[in-house]
Amino acid sequence: MHSRSGMSTLMAVGLFTSLSAHAEDGSSVPPPDGSAPTTTLQQVTVTARRREEHLADVPMAATVIGGDALADRGIVTDAQDLLTGVPGVRFFDTTSPVNSEVSIRGSSTARGTNADPSVGLYRDGAFIGGGQIGGRNFTRLDLFDVSRVEVLRGTQGALYGRDAVGGAVNVISAPPEFHRSGSMDIQFEPNVHAGQVQAVVNEALSNQLALRFGLDTIHQSDGFFYDTDSKTYFDTQKGYSTRAQIRWRAAGWDINLLAEHQQMDVPSIAFYVHINPGPGFPQGFYEDPYKVPFNTAPRASQDLNNGLLSANYNFDWAKLTSTTQVRQRKSYYQFDADGVDPTTLAAAIAQHLAPAGAIDPNASSATSDRTTTFSEDVHLAGGAFDDRLRWLAGGEFLYQASHFEVDTGRSPTKTNPSIGSAAPGRIDYRSIAAYGSLGYDFTHAFNLTGEVRYTNDDKRDHANRYDRSTGVQTGGDAFNFAGRLSPSNVSYNATASYKLLPQLLRSALVYAKAGSAYRAGGFNGNLGTAGQPRPVLTSYGNEKTFAYELGVKGDLSRNIYVGLAGYRTHTTGVIVQTDNGCGLSVPECPVAPTAFLINGGNSDNWGLELEGTGLFDLAGGKLRAVLGGSHQQAEIKSGDYAGQNVPQVPHYIASADLDYRHPFYGNTALFGSAHYAAQWGGVQELVITTTTNGTSVMTPNFRLHDFQIVDARAGVDFVDLNMEVAGFVRNAGDVVYITYEQTTTRRLSEPLTWGVEMRYRW
């Protein structure tokens, strides 16, 4: 395993302590004394409270990643590159976007299950999460041609509704603009034979009508993790996405219709077998992390069709917003459930590295899902009494149908001639909600705001399991059932905020917030396999969260913005992942364990978050610095797992984005950027006890592995030609760490990659 020095950490800390230095960037503002103009941080507009506001005026912890910042990083195509290092945010990487997921402020993760996310996932204000697989992460298409990304931390259940127990992430696509523009980005990575192109064309047909078209395509033929049997890389990808938009604006109306399509082979789930010496494997059993003998070829894909109609109308007294979405997502992945092929296993047995009959070398697993979502959100926002009173009222409807199937394969024997099982199922989810908010400025500085939402949900699940050889239903009632959950919930937020006097800070907002959120229970779609030491529960109940937050945010000067927040969260019925106790070293079921969800008791989370943005003059050029850090703890307080840390919650998260631009010869400029992300502490999974051959076995408490990663990009901007040429490197320090660890399997992060990029804009 590679390691890095602490140079990157020292660089980030040193820059953060220098935020009070001189600065300049953005728009020029002449000082009152008539001296040379200075530049200031531009106001950032967000829709965090379902209305357009300045970020500095919103009393909550939020991070906004703008389109310019994304452009400085190059082509950003996955949520890990987008969100890693944001204070309080954890991205769990399974190596495949199909079942990777986002967590905020210690909200629990579900990985290889069909749970709803613990974070509200939104595109242009429309909910896109949920479904059997693929519903806890953004697709590549969601992150194409983005205007900005709003990361809202803390309970957002009152205005954003379902699943926003840790927070919400809203990706806002760039809409058609009323002027001609466009861009083309071409990128090539030689060491993995990857090429990708992103192109956008924006045309204004008139002052009232505009069009925007986009194309995104990638072809990557090599990678780092290789299956020697199928001669296939796990981390290749290829496919394309298209998007078309038409926008009409007149007579108070602003209407945009978006239609898009993605067809993509995405990276597969990559892992390797690593069994320490023990009773079943006296000498241990280890595979090469980068070359594995899987006789079930790795594969994953994700296709998407999405239509979204957003309509806004400005009355004299309020603004009406309607968002209608129809989204169909198809996801698929398969993997070798035993992690070996017959030849490799036979050689291991001959060398006494593995006992005979302990592993079925033909065990496989495949999961497919087709989730269709229809949603409608309508809300009206307005003000009164010279805008001292601000109000919002809205309603939402969601219907989601998820058709899925889990197929397993095995070696037939005389006693059990079956080649495996198929377990199809369907989940229907209907949700109706009404919500609103009311805020009042009692003075020019002091505001009180309340938010509330009522939600009524209905979830129905139908599942069965049959033998693939005979077609006969198997497993009894535990694997063939119909279930229904019909919960209702009231979530709320109450916020008090006060604008500090200018004598203390140039502009600052102090706030206190208390609120709740809710995540509906559900059904475990994969009910495991015969011989599992722990039975998979068919369903799990609701999760409810209540949180306090105190914070301060604002401008220290014209060029420096900071935010500090502290929080404490109590969760009832926390939804956590466990597994059925199977494993390659378990004689009863020597296959990869089946993950499933339970209510693990109550949990308490707390943390501190700090972030800052600065614009600076430096050596004749301009530097933008965005720094962040957080400390969080999450512990289960009751039930069978009392005293354990909530899994997948790093204790520390840190990040730094540095972007520098300097005039060069003629009308050209040199530019460079660096993105630093790090995490420390935390645990992988809950410690569980299983019974094997009458003996109780406790799983090890594997810790999350620490890392510090730096991505960098530098090049030349030919201003007169509207063209940039750049080189880039991801994971510049070639840091390789274990992203996931169980008793018998491990996953590694990707090593260094590098490439070149050309960007043309008009």
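The values are calculated or read from the model by the stated rules, or taken from the named source; none is laboratory data. Since the model is a prediction, treat every value here as computed from it, not as a measurement. Cβ placement follows ideal geometry from the backbone for every residue including glycine, while neighbour counts extend to all protein chains displayed.
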### Task
Would you be able to say whether some residue in the range 199-206 is charged (D, E, K, R), surrounded by 21 or more Cβ atoms within 10 Å (Cβ to Cβ), farther than 17 Å from Val98 by Cβ and out of contact with any helix residue (DSSP H, G or I) (no Cβ under 7 Å at 6 or more places or on another chain)?
no
### Message
Tell me which helices (runs of 4 or more DSSP H) are completely within the range 1-90 and hold 2 or more residues being buried (at least 18 other Cβ atoms within 10 Å of the Cβ) and modelled with pLDDT of 85 or more, or say none if there are none.
### Response
79-83
### Query
Can you tell me which residue in the range 432-465 is surrounded by the fewest Cβ atoms within 10 Å (Cβ to Cβ), limited to those that are closer than 27 Å to Asp116 by Cβ and among the aromatic types (Phe, Trp, Tyr)?
Tyr454
### Message
For the range 328-342, which positions are modelled with pLDDT of 95 or more and either surrounded by fewer than 17 Cβ atoms within 10 Å (Cβ to Cβ) or under 30 Å from Ala251 (Cβ atoms) (or both)?
### Response
Gln328
### Task
Go through Ile269, Ile275 for me and flag whichever is touching a residue at least 12 places away in the same chain (Cβ under 8 Å), buried (at least 16 other Cβ atoms within 10 Å of the Cβ), of a type outside the set (Phe, Trp, Tyr) and closer than 16 Å to Asp235 by Cα.
Ile269
### Query
What is the residue count in the range 301-323 for residues that are hydroxyl-bearing (Ser, Thr, Tyr), under 24 Å from the mean Cα position of the chain (by Cα) and farther than 13 Å from Ala126 by Cβ?
1
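A quick yes/no check of all residues on (1) buried (at least 22 other Cβ atoms within 10 Å of the Cβ); (2) in contact with a His (Cβ under 9 Å, 6 or more places away or on another chain); (3) touching a residue at least 12 places away in the same chain (Cβ under 8 Å):
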residue: Thr372; (1), (2), (3): no, yes, yes
residue: Leu380; (1), (2), (3): no, no, yes
residue: Leu389; (1), (2), (3): no, no, yes
residue: Gly395; (1), (2), (3): no, yes, yes
residue: Phe404; (1), (2), (3): yes, no, yes
residue: Thr415; (1), (2), (3): no, no, no
### Query
Which one is farthest from Pro361 (Cα to Cα) among residues in the range 579-625 that are surrounded by 23 or more Cβ atoms within 10 Å (Cβ to Cβ) and β-branched (Val, Ile, Thr)?
Thr594
## Note on the structure
How many residues of the range 278-313 are among the hydroxyl-bearing types (Ser, Thr, Tyr), outside any strand (DSSP E or B) and surrounded by fewer than 20 Cβ atoms within 10 Å (Cβ to Cβ)? The answer is 1
#### Entry: Members of the range 131-177 that are among the charged types (D, E, K, R) and in a helix (DSSP H, G or I)
Asp142
### Members of the range 572-603 that are assigned to a strand (DSSP E or B) and in contact with an Asp or Glu (Cβ under 6 Å, 6 or more places away or on another chain)
Ile575, Ala595
### Task
Report the residue count in the range 180-214 for those that are farther than 30 Å from Leu752 by Cα and β-branched (Val, Ile, Thr).
1
### Message
I need the full set of residues from the range 111-129 which are within 13 Å of the chain's Cα centre (by Cα) and either within 15 Å of Leu152 (Cβ to Cβ) or surrounded by 24 or more Cβ atoms within 10 Å (Cβ to Cβ) (or both), in order please.
### Response
Asp116, Pro117, Ser118, Val119, Gly120, Leu121, Tyr122, Arg123, Ile128, Gly129
### Message
List the residue pairs whose Cβ atoms are under 9 Å apart, where the first residue sits in the range 644-661 and is assigned to a loop (DSSP other than H, G, I, E, B), the second is among the aromatic types (Phe, Trp, Tyr), and the two are 6 or more positions apart or on different chains.
### Response
Gln648/Phe92; Pro650/Trp680; His651/Trp680
### Query
Taking Asp316 and the conditions (1) within 30 Å of Gly252 (Cβ to Cβ); (2) in a strand (DSSP E or B), which numbered condition does it fall short on, given that it satisfies the others?
(2)
